[in-house]
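For reference, the structure is listed below as structure tokens.
The values are calculated or read from the model by the stated rules, or taken from the named source; none is laboratory data. Only a predicted model underlies this, so the values are computations on that prediction, with no experimental measurement involved. In this analysis, Cβ positions are derived from the backbone assuming ideal geometry, glycine residues included, and neighbour counts consider all displayed protein chains.
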Amino acid sequence: MDVCLLVLSVALVLALVVRIAPVFVAKQNLDVFADELVRTAEINGRVGSATNAKAADLRRKQGLTRIFHGATPAKSSSATR
């Protein structure tokens, strides 16, 4: 009975770790992304084409995609003419 309870407890703990671990990995990836992007901005002294290129490169390397929740930004009326 005690062995069964121990095995069940270990299985539940392992299931919890497997379920929660990806959250920590994603947070670490986003931290690295932000740190590298800030470093690029600091080196260049401004936010511009270099930071945009670095962000695109990091997105490609880390497999990140933009996900918009809610309404998408409206296009300006001059763009639709």
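Computed quantities for the displayed model
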{"item": "Given (1) modelled with pLDDT of 90 or more; (2) touching a helix residue (DSSP H, G or I) at 6+ places or on another chain (Cβ under 7 Å), number of the condition residue 47 does not satisfy", "result": "(1)"}
{"item": "Hey, residue 41 free of Cβ contacts under 8 Å to residues at least 60 places away in the same chain, assigned to a helix (DSSP H, G or I) and touching a helix residue (DSSP H, G or I) at 6+ places or on another chain (Cβ under 6 Å) or not", "result": "yes"}
{"item": "Number of the exception - residue 79 against (1) at pLDDT below 90; (2) part of a helix (DSSP H, G or I)", "result": "(2)"}
{"item": "Checking residue 15 against (1) surrounded by 11 or more Cβ atoms within 10 Å (Cβ to Cβ); (2) more than 23 Å from residue 66 (Cα to Cα), the condition it does not meet", "result": "(1)"}
{"item": "Qualifying positions in segment 47-71 - in a loop (DSSP other than H, G, I, E, B) and surrounded by 10 or more Cβ atoms within 10 Å (Cβ to Cβ)", "result": "47, 48, 64"}
